[in-house]
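The structure appears right after this line, and notes come after that.
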Amino acid sequence: MSAPQVRPDPVRGLYDAPLWEYAKQKELRLQRCSDCGEFRYPPGSHCPGCLSENFQWTRLSGRGRVYAWCVFHRQYFPEIPVPNPIVVVHTEEGPIIAANLVGSDPSALRLDLPVEVTFEPVRWASGGEGMIFQWRLVK
């Protein structure tokens, strides 16, 4: 088994610690308003729809469709090789989430292609360990 890839440390906000903890468990969960049902992504203190503070962390199916993409050919982080394809995915549940695309040639990307989430163990540049979620094309 190969050693985990080194990745830049994530920029952590005030409300997203549970997002990273669920990722360690290989679960994609987002805040969902307990009052109106709207998802909050990125995580926050209040619902963007009804301003409620009530929420629960809801597990997503991990499936969606390509909404947009970008392939970085310039290396911005020494830990991430290029080309670095990023896909924006419209999840089955509604939220739109951007993450790396893995396991596919970026030239295969087209609008509305089905994707699924995958998790990969990483070692943060600062030395800690964690898990990241990424997208891969459904075969």
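The values are calculated or read from the model by the stated rules, or taken from the named source; none is laboratory data. These numbers come from a predicted model, not from an experiment. Note that each Cβ is placed from the backbone with ideal geometry, even for glycine, and that neighbours are counted across all protein chains shown.
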For region 58-69, check the following and say yes or no: at least one residue is assigned to a strand (DSSP E or B), modelled with pLDDT of 95 or more and among the polar types (S, T, N, Q). yes
Counting only residues that are not aromatic (Phe, Trp, Tyr) and not in a loop (DSSP other than H, G, I, E, B), how many does region 90-139 have? 27
Considering each residue of region 20-37, count those that are surrounded by 17 or more Cβ atoms within 10 Å (Cβ to Cβ) and in contact with a Gly (Cβ under 9 Å, 6 or more places away or on another chain), and give that number. 5
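Provide a single number: the residues in region 70-89 that are part of a loop (DSSP other than H, G, I, E, B) and over 26 Å from Gln25 (Cβ atoms).
Residues that pass the stated criteria total 8.
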What are the pairs, 6+ residues apart or on separate chains, where a residue within region 67-82 that is in contact (Cβ under 8 Å) with a residue 60 or more places away in the chain has its Cβ under 8 Å from a residue that is part of a loop (DSSP other than H, G, I, E, B)? Phe77/Pro8; Glu79/Pro8; Glu79/Ala125; Ile80/Pro8
